[in-house]
Amino acid sequence: FAAQRHVLTYMEDAVSQLLENREDISQYGIARFFTEYFNSVRQGTHILFREFSFVQATPHNRASFLRTFWRCFRTVGKNGGKYSSICCYLLTAQEYHCLLQLLCPDFPMELTQKAARIVLMDDAMDCLMSFSDFLFAFQIQFYYSEFLESVATIYQDLLAGKNPNTVIVPTSSSGQHRQRQLPNDCSPLDGVEASLFYQCLESLCDRSKYSCPPSALVKEMLSSAQRLTFYGFLMALAKDQGINRALGALPDKGDLFLDPAMDQELEKLVAQVSGLSVSGPTSSSGDAANLPVRNSPRINSPWKPLHHRRKMDAESEGSNEETDSSEN
């Protein structure tokens, strides 16, 4: 159970955070620190502003990052939504990468580009994409990254006529040099036989130590196809709602822009901002003492590493100073 849930990974990270911030933590106790840390792991907020190596370390971390990215930026694709000033935002891969880096500063551009290729079918990478298209493609690429590397190798072997029963599971870094490369004498439109392709995938899922989509859902997805291309397979994975539900990080596409809990928090923030903007004119006197205090109380958030908290506080103070100066 401990290995399956990656308990050791979280224990090592908790101890590392404890040692790094022991002076601050000593003020309120080690027991409270561990309680808040594992509460944040349970809630999925422990990956905020962490390094990429930690974000991708466990399936739970990956699912938490996907859920956080969706909740933070879902209004980007909201059609005429309450907090959207235009009907729909379409962004490039580079712009989506900037959003990812707001949550994980060292998030690699390579993963963003791979997700964009699923949507754009390897077309020009500066094309615009909707939030929903990018999000579901990114989910497949990010959560199943090692699996997709192995699938790319299998696909190339099938195109080259190699024995499909020989399945090699590469490491997380191997196979990248051949990924998405097609032989010169084979058209990408031809693809491979779907039934043969599935046999190889089924064997891969049985042997792989990495996360794989449920083989039964993959079989159902491929049952109606005779031949398919690599990009066609990736797009089918991204669009399959059964696989999305099995992964459990994102809602169905029809509910993608619904998040009552987050909407409630946004309404509170909007109310606070509205209160600040209208309180001045309604005051009977022009005395500055009657104006509301700018530094409104922060909304309580789950535990985050203390060194990140201090950094955020410093940036927040700097941001307030810039805002004040610009208003003056």
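Express the carbon and sulfur contribution to the solvent-accessible surface of the stretch 1-43 as a percent, rounded to the nearest whole number, probe 1.4 angstrom.
On the way: 1680 of 3030 Å².
Here it works out to 55 percent.
State, to one decimal in nm, how far the label point of Glu193 lies from the label point of Glu267, with both points 7 Å from Cα in the Cβ direction.
5.8 nm
Measuring from centroid to centroid over Cα atoms, what is the spacing of the stretch 44-64 and the stretch 96-131 in Å?
Their Cα centres are 18 Å away from one another.
Can you tell me the accessible area per residue over the stretch 10-160, all protein chains present, probe 1.4 angstrom, in square angstrom? Please report the intermediate quantities before stating the final value.
Numbers: 6230 Å² over 151 residues.
It amounts to 41 Å² per residue over the stretch 10-160.
Given the peptides 258-271, 234-247, 142-155, arrange them by the average over their residues of other C-beta atoms within 10 Å, most packed first.
Details: 258-271: 11.8, 234-247: 18.1, 142-155: 22.1.
Result, highest mean first: 142-155, 234-247, 258-271.
Which net charge results when you count Lys and Arg as +1 and Asp and Glu as -1 among the other residues whose beta-carbon is under 12 Å from that of Gly29?
Values: positive: Arg22, Arg32; negative: Asp24, Glu36.
That works out to 0.
So with the 1.4 Å probe, I'd like the accessible area per residue for the stretch 196-242, rounded to whole Å².
With the other protein chains kept in place, the stretch 196-242 gives 52 Å² per residue.
Exceeding 24 Å between C-alpha atoms, which entries from my cross-link table qualify? They are Lys114/Lys253; Lys114/Lys209; Lys114/Lys162; Lys209/Lys253.
On the way: Lys114/Lys253 21 Å; Lys114/Lys209 22 Å; Lys114/Lys162 26 Å; Lys209/Lys253 29 Å.
As for pairs spanning more than 24 Å Cα to Cα, those are Lys114/Lys162; Lys209/Lys253.
Heads up, I need the accessible area for Asp206: 1.4 angstrom probe, whole protein in place, Å², nearest 10.
120 Å²
Subtracting the Cα-Cα distance from 0.36 nm times the residue separation, let me have the gained length for Phe49 to Asp106 in nm, one decimal. Can you show the working numbers first?
On the way: separation 57, 0.36 × 57 = 20.52 nm, distance 0.93 nm.
Here the answer is 19.6 nm.
Take the Cβ-Cβ distance between Ser274 and Arg207 as r, set R0 to 41 Å, and report the resulting FRET efficiency rounded to the nearest 0.05. Please list the in-between numbers first.
Details: r = 58 Å, r/R0 = 1.40.
Taking R0 as 41 Å, the efficiency between Ser274 and Arg207 is 0.10.
Working out 0.36 nm times the residue gap between Cys98 and Cys127, then minus their Cα-Cα distance, what length gain in nm do you get to one decimal?
On the way: separation 29, 0.36 × 29 = 10.44 nm, distance 1.57 nm.
Working it through step by step, the gained length comes to 8.9 nm.
The values are calculated or read from the model by the stated rules, or taken from the named source; none is laboratory data. If you're wondering where the values come from, they're calculated on a predicted model, not measured in any experiment. Cβ: placed from backbone, ideal geometry, glycine included. Neighbour counts: every protein chain shown. Note: accessible area is taken over every heavy atom of the protein model, side chains too, but ligands, DNA and RNA are not part of it. Shrake-Rupley method; radii C 1.70, N 1.55, O 1.52, S 1.80 Å.
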